[in-house]
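What follows draws every value from the coordinates through simple rules; no lab data is involved. This structure is a prediction, so every number in the text was calculated from the model and none was measured. Here Cβ is always computed from backbone atoms with ideal geometry, including for glycine, and neighbour counts include all displayed protein chains.
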Amino acid sequence: MEQTRNEWAATLSARIASEVRRHRTRRGMSTQQLADRCVELGMEIPRSVISNFENGRRSGIGVDELIILARALGLPPVFLLAPIAYVEQVEVLPGDMRTAVEAAEWIAGDAERRWPPPGGEGAPIESWSQYHIVHYERSEIWRIQQLLDTEVHDRGYLDRLRKDIPTKKAESEEARARADALRAELDELVRGMPELAPASDWQRLLDLSRAAGEAASDATRAEERAEGAEDHLRRMEAIAVDYPRAVQDSLGALKALREAMRKLGMVVSAVTPELAELLEGVPTE
């Protein structure tokens, strides 16, 4: 097993060296230019160290050097460890062969990000990965803030809707009265027209008929707008009733989550002063 570990370490080092050389040459960088870029990033890695590492004369590099070299090459460090575009499999641990994609997901933490967490959302928070805990807390903060923003917005929106409905009703009634008046005028004209009426009367009848039809269409659209506004107001009022309960339920869940995070020694996310005050007012279970 000791030999296996040594072989694994050597293979890992050679893979990283190969990727450093591959991406350096693809970018048209010399080893000196790469060394200079490392200095610019805050850490000196001499040209000789890079050259010896690429050529196998140096057996490995430190974690700090790996991170600086990856940054200098414009890559996430995971692509030096698991080059998914260039190899099919890597030995992610001694004797543990995985696809390069699986290895990259594990190293980068992507495998931990699949939702729901192991055991489901109802599982104890202690069984979740740290990614799941932090991601869930931040998503809940975002969702509650959206609820709060929507509630504030909808209060003003509902007020505007209520004020707008009488105007739409008045416009509807006015449009219908105009249409009825034109229709009555048209009916009266038709009843009083002789069979041999002059061309001017027939033209007037045609114009009045067209105007009456347009007025009737306008009245129908105005009535539909008024009815639609009333329906929309009823829906928004029904939705608004659920906001306080939804906010309170979410606040309680978020506070319990943050308290559990603190017990685990985790850092909780910063929130707005408004949300902090609301969380403070939630009773502790």
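Overview of results
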| read-out | value |
| --- | --- |
| All lysines inside 20 Å of residue 255 as judged from Cα atoms, apart from same-chain residues fewer than 8 positions distant | 263 |
| Nearest-20 debye value, the chain charge dipole, Cβ charges on Lys, Arg, Asp, Glu | 1500 |
| Rg and Dmax [Cα atoms of region 2-113; Å; Rg one decimal, Dmax integer] | 14.0, 40 |
| Reported label for calculated volume of the Cα convex hull per residue in Å³ given (i) 124; (ii) 306; (iii) 138 | (ii) |
| Computed FRET value (nearest 0.05) for residue 84 with residue 239, which takes r as the C-beta separation and R₀ as 41 Å | 0.35 |
| Cβ-based exposure ranking for 234, 178, in which fewest neighbours within 10 Å come first | 234, 178 |
| Nearest-20 debye value, region 159-274 charge dipole, Cβ charges on Lys, Arg, Asp, Glu | 1080 |
| Vicinal HN-Hα couplings computed from phi for region 50-64 (Karplus, 6.51 cos²θ - 1.76 cosθ + 1.60; Hz; Gly/Pro x) | 5, 5, 5, 5, 5, 8, x, 7, 10, 7, x, 9, x, 4, 4 |
